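Following: one structure in C-alpha cells, then a few remarks.
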Amino acid sequence: MAEIIDGKAVAAEIKQKIKERAERFLALRGRRVGLAVVKVGEDPASAVYVRNKIKACEQCGIASSAFYFDADIEQSKLIELIHTLNADANIDGILVQLPLPKHMDERAVLAEISPEKDADGFHAVNAGRLFLGEKTRFVACTPRGIMELIRSTGTEIAGKRAVVIGRSNIVGKPIAMLLLAADATVTVCHSKTKDLKEITKTADILVAAVGKPKLVTADMVKRGAVVIDVGMNRADGTLCGDVDFDGVSKVAGHITPVPGGVGPMTIAMLLQNTVDGAFDE
C-alpha cells in the first residue's frame, strides 16, 4: 500500500515558518505583511475560498484586506482598485479570486496586477520568468505546493521521469516547468494524447490535473510511483480526485488523498508568495 502524503501536515509546517517570518518582518519594518483579496460576485465556492484565505492570514500574522464587489461592477472600476493596491506600500500581495463574471476579461484584469505583488503567480511576467528558468518570487500556488509535497516524500526529482496530465496555465504548464527545472524528464499529456496509459506507466512522478473523476486507474501507474492528485470532482454525490484512490494506492509508493492532499498546500503557498514578496527575496 502507498504511503499517504498528508497535505494538511505539510502545510501546517510551512505555515508555522511563514508565521515566524511574518513576525520577523513586523519587527524589522514596523508593519505587518499585507495581502489584498478581491472577490467579485456571489459564487459560493469563491466565497468559501476567500474565507479560508483570510482565516489563514490571521493564523500566520498576515494583515488581510478584503474587497467585495457585486457581479455587475464595471471592469474599469475593478482595474481602478488594482492600480490603487499596486501603489499601496502596505500591500505586498494582491489576489483576485477567480472566476470573474462572464462580462469581464480575466486575462486583462490579472495583467493589471503588478508583477511584484502577484500573489497567485499568474501574471505573464512571472509565468515567463518561470518558463525561462529565471528566479521569481511568485510561482503559481498549486504547482509550488505540489513540488513541496513531492519533496516531503524524500523523492530525488533529478533524473526521474515525470508525467503531467493536463496543460492548464494554472497547474499543468507551470508544474511541468518546475519539474523540468528540478531536472526531471517531463512529458505533458492532454485530451489529444494517444496511448495515455502507455505514457503514464513510465512515470516515477505522476501529476493528474484534468478535472475528470477517477481518470487514472491502477493499471496506468508504475509500481512505487509518486502520484499527485490535483482533481477536485463530485461523482455520485461524493468528493473525489482525478485518481482512483482505492485502486492506485495499492500500486503507488506515495499518493495524495482528496481532500487533504494538494488543497491545503495551495493556500499555504499563497501566503508563502506574499511573505516572499514582502521581503523582496
Among 99, 115, 259, residue whose mean-square fluctuation peaks in a GNM of the chain (springs only between Cα atoms under 10 Å): 99
Local electrostatic count at residue 61 - Lys and Arg +1, Asp and Glu -1, tallied over other residues with Cβ under 11 Å: +2
From the coordinates shown, Rg and Dmax of the Cα atoms in Å corresponds to which of (1) 20.3, 61; (2) 18.9, 57; (3) 17.7, 52: (2)
Fraction of beta bridges assigned by DSSP in the chain that are antiparallel (%, nearest 5): 10 percent
For residue 251, residues with placed amide H under 5 Å, excluding near neighbours: 2
Per-residue ³J(HN,Hα) for region 140-146, Karplus 6.51 cos²θ - 1.76 cosθ + 1.60, θ = phi - 60°, Hz, x for Gly and Pro: 3, 5, 5, x, 4, x, 4
Among beta bridges that DSSP assigns inside region 140-281, antiparallel share in %, nearest 5: 15 percent
Karplus-derived 3J(HN,Hα), 6.51/-1.76/1.60, for each residue of region 246-260, Hz, glycine and proline x: 4, x, 5, 5, 7, 10, 5, x, 9, 8, 8, x, 10, x, x
Neighbourhood net charge (14 Å Cβ-Cβ; Lys/Arg +1, Asp/Glu -1) for residue 193: +4
5 angstrom amide H check on residue 186, placed H, neighbours 5+ away: 162
Accessible area of the chain divided out per residue, in Å², using a probe of 1.4 angstrom: 48 Å²
Region 191-257 - share of DSSP beta bridges that are antiparallel (%, nearest 5): 30 percent
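So how do 21-28, 4-11, 72-79 stack up, highest first, on mean other-Cβ count within 10 Å? Don't jump to the answer; show the numbers that get you there.
Values: 21-28: 15.5, 4-11: 19.2, 72-79: 13.1.
The most tightly packed comes first, giving 4-11, 21-28, 72-79.
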Residue-wise HN-Hα coupling along region 174-182, computed from phi with Karplus coefficients 6.51, -1.76, 1.60 (Hz; x: Gly, Pro): x, 5, 4, 5, 5, 5, 5, 5, 8
Relative contact order (%) - the chain, alpha-carbon pairs under 8 angstrom, separation at least six: 23 percent
Within the chain, helix-based [θ] at 222 nm, where runs of 4 or more DSSP H residues each add -39,500 (n - 2.57), nearest 500: -13000 deg cm²/dmol
Rounded if a/c under 1.5, otherwise prolate or oblate - region 136-281, Cα gyration tensor axes: prolate
Residue-count net charge about residue 212 - beta-carbon cut-off 15 Å; Lys, Arg +1, Asp, Glu -1: +1
Anchor residue 135: lysines whose Cα lies under 27 Å away (excluding residues fewer than 8 positions away in-chain): 15, 17, 19, 53, 117, 160, 173
Accessible area of the chain belonging to carbon and sulfur atoms, whole % at 1.4 Å probe: 51 percent
Sequence ranges 203-212, 44-53, 217-226, 167-176, ranked by mean other-Cβ count within 10 angstrom, highest first: 203-212, 167-176, 217-226, 44-53
Selected from 259, 25, 86, residue furthest toward positive end of dipole (the chain; charges at beta carbon): 259
Between region 241-269 and region 1-48, the Cα center-to-center distance that results, in Å: 20 Å
Prolate/oblate/rounded label for region 2-142 (Cα gyration tensor, a/c 1.5): rounded
Rg ratio (alpha-carbon, reference 2.2 N^0.38 Å) - region 125-202: 1.09
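The values are calculated or read from the model by the stated rules, or taken from the named source; none is laboratory data. Given the structure is predicted, the values throughout are model-derived calculations rather than measurements. Using ideal geometry, Cβ is built from the backbone for each residue, glycine included, and neighbour counts are taken over all protein chains shown. Each accessible area value is taken on the protein alone, full model and side chains, heavy atoms only, with ligands, DNA and RNA left out. Shrake-Rupley method; radii C 1.70, N 1.55, O 1.52, S 1.80 Å.
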